[in-house]
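A short write-up of the structure that comes next.
The values are calculated or read from the model by the stated rules, or taken from the named source; none is laboratory data. Keep in mind that what you see is a predicted model, and the values were worked out from it rather than measured. Cβ: placed from backbone, ideal geometry, glycine included. Neighbour counts: every protein chain shown.
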Amino acid sequence: MKEQTFASETVVSGWKPAGPGAVRLDLGRGAACEVSIARDGAVRLRAAAGGTLPLDPSDAIGREAWRPSSAEPYTGDGGCVLMRFEGPEGQAAVEIGGDPLEIRVRERDGSPLATLSGLAFSPCGAARIALETVSGERFFGFGEKCGGLDKRGRILRMRSQDANLRTGSDPLYASIPFFLALRDEGGRSRALGLLLDAFAPSRFDVAKSDEDRVWMETTAGGLDVTLFPGPRPADVVRRFTARVGRTPLPPRWALGHHQSRYSYRSEREVRRIARQIRRRGIPTDVIHLDIDYMHGGRVFTWNARRFPNPSRLLRDLAADGFRVVTIVDPGVKVDRDYAVFRDGRARDVFCRNADGSPYTLLVWPKTSMLPDFNRPEVRAWWGEQHAPLLDAGVSGIWNDMNEPAGWQRELRIGRLVVPLEAQDMSRVVQADPVAADQRVPHESVRNLYALQECRATREFLEAAQPERRAFVLSRSGHAGIQRHAALWTGDNASRWPHLRESLPMLLNLSLSGVAFCGADIGGFAWSCSPELYARWIQIGALYPFARTHCMLFARRQEPWSFGRRVEAIAKAALELRMRLMPYLESLFRESEATGAPVWRPLFYEFPDDPAAPNVEDQVMVGPALLAAPVVERGARERDVYLPAGTWTSFASGARFAGPVTIRVAAPLESMPLFVRGGTVLPTRTPVRHAGETPAEPLVLEVFPGADADTLLVEDDGESTDYRRGVVARTPIRLFHRAGNRLRLELGARVGSFPVPARTLRVVVRGSPPPRAVLLDARPIPERETPPGFATRDGSVHILVEDDGRAHAIEVDPAP
Ligand code: GLC
């Protein structure tokens with residue numbers, strides 16, 4: 001991004017109402033500006049140097065429309081313009097000062113929430129504005145970024161690009177111009193979100209050059225900034241994702257382990273890997289096929305020699321419980337004998353230079369052209385190309401290289417391609433995503449490229465197989481990419497700092513709306529050591545998206561590639577994921593409903609704990625699990641910070657009272673994992689893949705310490721029937737009763753999803769033998785058949801027949 005020269009700050013010379021919940025400000029010099037309040041209390045400012053406001057992108061990129069409030073502007077004391085709104089979903093009070101323009105958002109009690117100032121435009125179409133900050137305020141989010149959790153003091157750029165394996169590089173593949181600010185107000189925290197809604201490259205100066213302000217700047221398209229009030233981080237993320245969209249519930253198999261390599265190169269190799277996985281009993285659902293399954297990198301083709309009969313291969317794999325995900329890059333090889341290229345050219349789907357000449361770049365299949373996904377007919381065309389893949393039995397699509405990536409010169413050494421100069425797209429034009437009949441420079445909409453591609457992919461998958469939940473994986477993305485695809489963080493390396501950094505990176509990505517995210521387990525580039533792989537898969541098995549992937553020529557990264565000991569560690573880690581599947585699913589369900597991330601920084605769950613925002617090497621998986629992975633070579637113990645509440649070690653059942661920092665042993669075989677008191681964790685016995693029926697499909701693991709109230713939702717895990725309400729719901733409540741009794745109430749199951757008859761196991765963790773266990777107020781015998789109970793491994797196991805009716809279980813006394 002070039003340095004811009006900005007004109008002086010803007011001054012308001014007049015105003016008029018601009019429809020429901022909005023005021024139009026007259027800024028002089030032909031500039032346009034509008035401030036509006038949404039029904040949920042979000043406050044938005046749109047401004048442009050020319051007379052026309054930036055168009056609302058909602059429709060164009062398939063978002064929900066902006067939902068205006070009924071606020072009306074009026075003149076307040078001292079001549080400022082006021083707007084207020086209060087409704088069931090939120091409230092906002094906005095005060096606009098005129099000289100220079102300043103937008104102050106206040107709380108109901110009049111205390112300041114946010115102030116925007118410094119609006120200015122540059123002669124070349126750039127615009128900037130600042131959010132005032134107080135000392136100690138922290139900044140999270142910003143999508144996919146290197147470095148620590150808090151981004152205060154950093155300059156961050158948003159321009160999607162191939163990141164080339166450098167640590168600390170900025171920008172990276174995905175550009176999500178959103179952040180969450182967290183400030184402490186005398187022992188209570190307050191969170192606020194901000195989206196700089198620009199498809200053009202942008203830049204954030206996070207209180208670096210001016211410690212009182214976060215400056216943000218876009219290069220084209222005017223300014224479109226939305227503030228999302230809290231007060232809690234969860235409120236901010238809920239409002240932000242209501243605007244940009246949420247992660248649709250993935251199919252269960254996509255939540256299993258994905259095994260990948262660049263590349264499994266032939267049918268024989270794929271069959272061998274699949275056989276090994278099953279023979280060794282390593283839970284895995286998905287095998288990814290990287291570029292070498294194609295005929296010379298031609299998308300939507302198969303290499304006929306190495307994959308002579310894809311349908312048969314995929315059918316056999318499916319019979320063994322494997323799904324296959326194939327990579328699809330946007331670059332279409334220029335080749336007159338290749339039907340996809342010929343057809344695309346005939347339909348004029350590819351990006352051109354401003355002078356009308358075709359634009360080509362180098363990617364894996366050598367000279368290629370890029371579809372312009374901003375055009376709806378191109379998205380439809382692109383979608384249709386996937387039909388043969390679906391016909392062959394492919395279950396999901398992996399959209400790589402979609403920043404878009406490419407180069408101008410290359411060096412080829414055998415199969416290794418060394419890109420020499422990044423592609424030059426400065427002359428490329430694309431359809432304007434908002435005003436489709438217009439053309440705009442590619443650069444001004446660049447950050448949207450992947451989102452539009454994944455949208456095309458998902459829309460096709462959903463139309464072609466409406467009964468199935470779709471799975472799309474993307475490398476690049478923009479705010480809202482989660483509606484279309486899961487995101488992985490691209491080419492990391494098999495190095496300890498990359499493992500360490502995956503935590504804050506995924507946490508910030510999660511706060512930025514991308515619930516379904518992960519990093520390549522084991523690292524992509526270079527060779528992974530056994531110890532690094534062991535530590536990586538321990539936490540990687542709890543990544544929202546869990547895929548092992550590595551580069552061509554790197555040491556193999558199948559779980560058994562590092563010897564028996566590490567294989568057992570990997571197996572145990574993936575069995576834990578399988579055991580936690582009902583819980584993981586409940587988190588994804590919650591994410592679809594509220595936008596809540598699956599991975600959460602500690603402060604998301606404990607926003608008023610002043611120590612929580614400093615913790616960047618621990619994660620909350622949902623509200624209940626706290627993982628403290630080992631991310632240092634050679635470490636066999638580590639400090640763990642446990643916030644307020646009761647915590648139970650998942651492995652040993654030992655109890656701790658937080659807030660406290662404890663030192664815990666972490667031999668190579670174990671990753672410290674704690675469960676928050678007051679949790680009823682739905683689990684099951686591990687299976688090898690989603691399609692297998694667990695020996696015990698529902699185990700409720702009870703962690704005492706506080707009362708709890710949850711709803712267990714079950715469905716078929718695969719179809720879209722849940723959207724029509726085909727689910728089974730069981731309310732579950734946990735009480736700590738007088739006389740030190742623990743009472744677990746299972747409500748009657750409701751809903752049309754048929755749950756097969758089963759035995760339910762309730763496990764009260766960390767518990768000495770009780771005096772009695774009661775089922776529906778009657779003592780049950782000590783035995784391992786239902787109804788009955790047994791105490792072992794420091795837990796009480798209670799077995800009951802699950803007949804779908806309401807039951808109450810009491811443990812006397814409680815642990
Ligand atoms: C890119 C991807 C990587 C993939 C490779 C070959 O580098 O990030 O995951 O394996 O291309 O397709």
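Give me a count of the residues in region 522-570 that are in a helix (DSSP H, G or I), among the aromatic types (Phe, Trp, Tyr) and crowded, with 20+ Cβ neighbours inside 10 Å. Don't jump to the end; show me each part of the working.
Step one: of region 522-570, the residues in a helix (DSSP H, G or I) are 530-540, 559-562, 564-570.
When the remaining residues are screened for being among the aromatic types (Phe, Trp, Tyr), the result is 533, 536, 560, 562.
Keeping just the survivors that are crowded, with 20+ Cβ neighbours inside 10 Å gives 533, 536, 562.
Of the residues in that region, 3 qualify.
Here are some conditions: (1) among the aromatic types (Phe, Trp, Tyr); (2) in contact (Cβ under 8 Å) with a residue 40 or more places away in the chain; (3) more than 16 Å from the ligand (Cβ to nearest atom). TYR543 meets all but one. Which one does it not meet?
(3)
Go through the residues of region 502-513 one by one and say whether even a single one is more than 14 Å from the chain's Cα centre (by Cα) and either at pLDDT 95 or above or under 17 Å from GLY622 (Cβ atoms) (or both). Don't jump to the end; show me each part of the working.
Our first condition is that a residue be more than 14 Å from the chain's Cα centre (by Cα); within region 502-513, this holds for none.
Checked against the condition, which is being more than 14 Å from the chain's Cα centre (by Cα) and either at pLDDT 95 or above or under 17 Å from GLY622 (Cβ atoms) (or both), region 502-513 yields no hits at all.
Hey, HIS288 hits all of (1) in a loop (DSSP other than H, G, I, E, B); (2) within 16 Å of the ligand (Cβ to nearest atom) but one; which does it fall short on?
(1)
Could you give me the residue pairs with C-beta distances under 6 Å whose first residue belongs to region 388-415 and is farther than 25 Å from LEU451 by Cα, whose second residue is surrounded by 15 or more Cβ atoms within 10 Å (Cβ to Cβ) and among the hydrophobic types (A, V, I, L, M, F, W, C) wherever it lies, and which are 6+ apart or on separate chains?
ALA392/LEU314; GLU410/LEU362; GLU410/VAL417
If we keep just the residues of region 291-304 that are outside any loop (DSSP other than H, G, I, E, B) and within 31 Å of the chain's Cα centre (by Cα), which is surrounded by the most Cβ atoms within 10 Å (Cβ to Cβ)? Spell out the reasoning first.
Within region 291-304, the subset outside any loop (DSSP other than H, G, I, E, B) is 291-293, 295, 298.
Narrowing the set further to residues that are within 31 Å of the chain's Cα centre (by Cα) leaves 291-293, 298.
Numbers: ILE291: 22, ASP292: 22, TYR293: 24, ARG298: 21.
Residue satisfying both the conditions and the ranking: TYR293.
Hey, does region 379-398 have a residue that's more than 16 Å from the ligand (Cβ to nearest atom) and under 20 Å from PHE199 (Cβ atoms)?
Within region 379-398 (the criterion being more than 16 Å from the ligand (Cβ to nearest atom) and under 20 Å from PHE199 (Cβ atoms)), the answer is yes, since at least one residue qualifies.
Please list, ordered by first then second residue, the pairs with beta carbon atoms under 6 Å, 6 or more apart or interchain, first in region 1-21 and surrounded by 17 or more Cβ atoms within 10 Å (Cβ to Cβ), second in a loop (DSSP other than H, G, I, E, B) and small (Gly, Ala, Ser).
Cβ pairs passing all conditions: GLN4/SER122; GLN4/ALA126; GLY21/SER69; GLY21/ALA71.
Among the small types (Gly, Ala, Ser), more than 16 Å from the ligand (Cβ to nearest atom), under 25 Å from PRO601 (Cβ atoms) and assigned to a helix (DSSP H, G or I): does that describe SER510? Let's see the steps before the verdict.
Working: among the small types (Gly, Ala, Ser): yes; more than 16 Å from the ligand (Cβ to nearest atom): yes; under 25 Å from PRO601 (Cβ atoms): yes; assigned to a helix (DSSP H, G or I): yes.
Spelling it out, SER510 is indeed among the small types (Gly, Ala, Ser), more than 16 Å from the ligand (Cβ to nearest atom), under 25 Å from PRO601 (Cβ atoms) and assigned to a helix (DSSP H, G or I).
Give the residue that is nearest to ARG458 (Cα to Cα), with candidates limited to residues of region 325-342 that are away from the ligand (no atom under 16 Å from the Cβ) and within 35 Å of the chain's Cα centre (by Cα). Before you say what the answer is, go through the steps one by one.
Initially, region 325-342 is screened for residues away from the ligand (no atom under 16 Å from the Cβ), giving 334-342.
Still in the list and also within 35 Å of the chain's Cα centre (by Cα): 334, 340-341.
On the way: VAL334: 25, VAL340: 19, PHE341: 21 Å.
Per the criteria, the residue is VAL340.
Test ALA71 against the criterion of being buried (at least 22 other Cβ atoms within 10 Å of the Cβ) and part of a loop (DSSP other than H, G, I, E, B), and give yes or no.
Numbers: buried (at least 22 other Cβ atoms within 10 Å of the Cβ): yes; part of a loop (DSSP other than H, G, I, E, B): yes.
For ALA71, the condition - buried (at least 22 other Cβ atoms within 10 Å of the Cβ) and part of a loop (DSSP other than H, G, I, E, B) - is met.
Which condition breaks for GLU467 when tested against (1) within 23 Å of the chain's Cα centre (by Cα); (2) under 30 Å from LEU317 (Cα atoms); (3) touching a residue at least 60 places away in the same chain (Cβ under 8 Å)?
(1)
If you go through region 122-179, how many residues are among the hydrophobic types (A, V, I, L, M, F, W, C) and out of contact with any strand residue (DSSP E or B) (no Cβ under 7 Å at 6 or more places or on another chain)? Before you say what the answer is, go through the steps one by one.
First, pick out the residues of region 122-179 that are among the hydrophobic types (A, V, I, L, M, F, W, C): 124, 126-127, 129-131, 134, 139-140, 142, 146, 149, 155-156, 158, 163, 165, 172, 174, 176, 178-179.
Checking which are out of contact with any strand residue (DSSP E or B) (no Cβ under 7 Å at 6 or more places or on another chain) leaves us with 124, 146, 163, 172.
Matching residues across region 122-179 total 4.
Would you check which residues across region 1-53 are of a type in the set (D, E, K, R) and under 36 Å from the mean Cα position of the chain (by Cα) and list them?
Within region 1-53, the first condition is being of a type in the set (D, E, K, R), and the residues that meet it are 2-3, 9, 16, 24, 26, 29, 34, 39-40, 44, 46.
Within region 1-53, LYS2, GLU3, ARG24, GLU34, ARG39, ASP40, ARG44, ARG46 qualify.
For (1) assigned to a strand (DSSP E or B); (2) buried (at least 23 other Cβ atoms within 10 Å of the Cβ), each residue gets a yes or a no:
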| position | (1), (2) |
| --- | --- |
| GLU403 | no, yes |
| ARG412 | yes, no |
| SER426 | no, no |
| VAL434 | no, no |
| ASP437 | no, no |
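Residues being within 25 Å of LEU532 (Cα to Cα) and surrounded by fewer than 24 Cβ atoms within 10 Å (Cβ to Cβ): count how many of those fall in region 453-493.
Of the residues in that region, 3 qualify.
Restricted to region 546-580, and to residues that are within 10 Å of PRO283 (Cβ to Cβ) and among the charged types (D, E, K, R), which residue is farthest from the ligand (Cβ to nearest atom)?
Among those residues, the one meeting the criterion is ARG579.
Looking at VAL417 and the list (1) more than 16 Å from the ligand (Cβ to nearest atom); (2) surrounded by fewer than 20 Cβ atoms within 10 Å (Cβ to Cβ); (3) not in a helix (DSSP H, G or I), which single condition is not satisfied?
Only one criterion is unmet by VAL417, namely (1).
Can you pull out every residue in region 715-745 that is under 21 Å from THR648 (Cβ atoms) and among the aliphatic types (A, V, I, L, M)?
ILE732, LEU734, LEU742, LEU744
Test GLY766 against the criterion of being surrounded by 18 or more Cβ atoms within 10 Å (Cβ to Cβ), touching a strand residue (DSSP E or B) at 6+ places or on another chain (Cβ under 9 Å) and outside any strand (DSSP E or B), and give yes or no.
Values: surrounded by 18 or more Cβ atoms within 10 Å (Cβ to Cβ): yes; touching a strand residue (DSSP E or B) at 6+ places or on another chain (Cβ under 9 Å): yes; outside any strand (DSSP E or B): yes.
Considered against the rule, which asks whether it is surrounded by 18 or more Cβ atoms within 10 Å (Cβ to Cβ), touching a strand residue (DSSP E or B) at 6+ places or on another chain (Cβ under 9 Å) and outside any strand (DSSP E or B), GLY766 comes out as yes.
Here's the yes/no breakdown for (1) of a type in the set (S, T, N, Q); (2) within 23 Å of HIS288 (Cα to Cα); (3) touching a residue at least 40 places away in the same chain (Cβ under 8 Å):
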position	(1), (2), (3)
GLN557	yes, yes, yes
ALA573	no, yes, yes
LEU576	no, yes, yes
MET581	no, yes, yes
LEU584	no, yes, yes
PHE588	no, yes, yes
ALA624	no, no, yes
ALA628	no, no, yes
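Quick check on my filter: what residues within region 458-491 are part of a helix (DSSP H, G or I) and either under 19 Å from GLY143 (Cα atoms) or within 16 Å of the ligand (Cβ to nearest atom) (or both)? Reasoning before the result, please.
Of region 458-491, the ones part of a helix (DSSP H, G or I) are 458-464, 481-483.
Passing the criteria: ILE481, GLN482, ARG483.
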